[in-house]
């Protein structure tokens, strides 16, 4: 296999070194004792065993304390990143093509777990009204825009803020790590997004809390978005409301060719317009540079 | 005894203190969340619809020659469900692992089959893939490794089959690379299908599943070859330029013909610009339109 998960070399090496150290310590402890006396042999081995355990335990606790920042400030989100999500990414549209590459016909709702209330709103979709109201960007809000064929430009705005620019609709999403608090005010198309690296969620003391559900994680980027201005999940007017909340998981995988892919799994919950969480996955391929980057204005019709 | 105690204690310490060494649990019944590609996965795609498929000229010609009646030929009755049907079809999947009875090491991960789709065995014990000229099986041959908390599987030795349920082909030279990404109770499966014979670029698909307590069967009923009336020795097909369904999608959904024929460029955002001035919104959807659901969440609930 030539594929590899994208751990930075430093973390990978640190883990490898730790494993090698444990291996050598464990092997030495199990080496045969030259003493011919069985009782001495047993006693000596027992002492060596507990001593080894104690040493290993102390080292691991010390290692964890270091990793969790007990000895200093917790690492910044940028420093703690398990993979590099920055760069240019292009949507590769191999799924839901008829709903993403062209504006779908009125009333085509296949796949979306709508409520009756949702259907009433969607059946009344009128792009001219949206244009008249200055709401051409209703399908470019956070819960809809990631399904629009687009390019992403992702970069660190600062050590704890990740910025995602999207050329379709010329939108910007901002992912805040740490203990960021929303300033409040009016809801926006992109809402407020709070992010953390899975498995690296930290409490106020900087200590790791792990996954709140106690369930395993792939180790990606988790983003929770709220405070959204109501918009469309699909270009033909399938709505999400102002109380919608979205959780996203971003993973980066390297394929055998060496290509990097950004895999986004998104879960939209909306008590008014969705009868169950709306779960889709979307993929983007990394590009070398800005050659295809083409910011365009929002369109209510295309 | 001392060694056993020491090993146990060390194991506990390692498990508690070094999460990077742990592998993610993938066992269980994972229900499909069919919120994307609904038509493709349930009713089936239009008979000629290669949008978003990177078919090369050979692949397109082969696809256009396809007649659904081919599946009535006895030797092809069970051909339709290759391993990538996992991301083409509407069904959930059941996963479990098989371990060495002495060491406890995982020898293989298993994905249960479903009717015509054979079960998949992902060998984790480092065995090599068979030689190039070894026989190809319906399930192919798959090996896997953990990369961090992600299971990565690689499949070779597949039989020739279809990448879309309308006869768009994939050859027996195709390979699959899969990533199993677990986030809590959600499993995202990526599949890159690379086919040097019929594609100009790999096909990349991702699908989501959700862990559920209702068991999914580890195996469905077997595919049984039967006589469905196709004349022996005949292969139903369309000759070049004789496929009667070529313009169906253009008539019904106003998709431009060059998009219907597929090709790598139809996968990228730039292609929208080419279509913009040619596309007009079709009439309101009249049937198979979806809408509010009244059945149970997820799975096979049809809207």
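Please treat every number below as a calculation from the coordinates, not as lab data. Fair warning: this is a prediction, and the values are worked out from it, not measured in the lab. For neighbour counting, all protein chains shown are included, and Cβ atoms are generated from backbone atoms with ideal geometry for every residue, glycine included.
Give me the percent of DSSP beta bridges within the range B:127-256 that run antiparallel, rounded to the nearest 5.
Numbers: 31 of 32 bridges.
Of those bridges, close to 95 percent are antiparallel.
Could you work out how far apart the two model spin labels at residue A:79 and residue B:129 are, taking each label as a point 7 Å from the Cα in the direction of the beta carbon, and quote it in nm?
4.2
Working out 0.36 nm times the residue gap between residue B:99 and residue B:185, then minus their Cα-Cα distance, what length gain in nm do you get to one decimal?
Result: 28.6 nm gained on full extension.
Cα centroid distance between the range B:232-277 and the range B:33-95, in Å?
15
Take B:164, B:127, B:41, B:33 and order them by how many other Cβ atoms sit within 10 Å, fewest up front.
Values: B:164 23, B:127 11, B:41 20, B:33 26.
Ranking B:164, B:127, B:41, B:33 by Cβ neighbours within 10 Å, fewest first, gives B:127, B:41, B:164, B:33.
What is the P(r) of chain B, as percent of Cα-Cα pairs per 20 Å bin from 0?
28, 55, 15, 2
Do the sum for chain B: with -39,500 (n - 2.57) for every DSSP H run of n ≥ 4, divided by all residues, what is the mean residue ellipticity at 222 nm, to the nearest 500 deg cm²/dmol? Present the calculation step by step, with values, prior to reporting the outcome.
Details: 7 runs with 49 residues, N = 303.
The helix-only estimate for chain B comes to -4000 deg cm²/dmol at 222 nm.
Stick to Cα atoms and the Kirkwood definition of Rh, then tell me Rg/Rh for the range B:66-177. Write out the running numbers ahead of the final one.
Details: Rg = 15.3 Å, Rh = 15.2 Å.
Rg/Rh: 1.01.
Cα convex hull of the range A:227-302: mean projected area in nm², to one decimal?
Details: hull surface 27.7 nm².
Average projection, Cα convex hull of the range A:227-302: 6.9 nm².
In chain B, what percentage of the DSSP-assigned beta bridges are antiparallel, given to the nearest 5?
Values: 50 of 53 bridges.
Bridges in chain B are about 95 percent antiparallel.
Is the range A:138-191 rounded, prolate or oblate when judged by the Cα gyration tensor, a ≥ b ≥ c being the square roots of its eigenvalues, rounded requiring a/c under 1.5 and prolate requiring a/b larger than b/c?
On the way: a/c = 2.74, a/b = 1.31, b/c = 2.09.
Oblate, since a/c reaches 1.5 and b/c is not below a/b.
Using a 7 Å offset from the Cα along the Cα-to-Cβ direction at both residue A:133 and residue B:245, what is the distance between the two label points in nm, to one decimal?
4.0
Counting every Cα pair in the range B:151-303, what percent are over 17 Å apart?
79
May I have the extent of the alpha carbons of the range B:218-261 along their three principal axes, as whole Å values ordered from largest to smallest?
Here the Cα extents, ordered largest to smallest, are 40, 35, 15 Å.
For the pair residue A:288/residue B:280, report the inter-label distance in nm, with labels modelled 7 Å from Cα in the Cβ direction.
Roughly 4.3 nm, to one decimal.
When the Cα centres of the range A:223-282 and the range B:142-176 are compared, how far apart do they sit, in Å?
When both Cα centres are located, 27 Å separates them.
Can you tell me the orientation of helix B:2-17 relative to chain B, as the angle in degrees between its alpha-carbon axis and the longest Cα principal axis, to the nearest 10?
Result, in degrees: 40.
Neighbour counts of other C-beta atoms within 10 Å: give me A:120, B:94, B:251 arranged from fewest to most. Kindly include the intermediate steps, with their values, before the conclusion.
Values: A:120 13, B:94 20, B:251 9.
Exposure proxy ranking, most exposed first: B:251, A:120, B:94.
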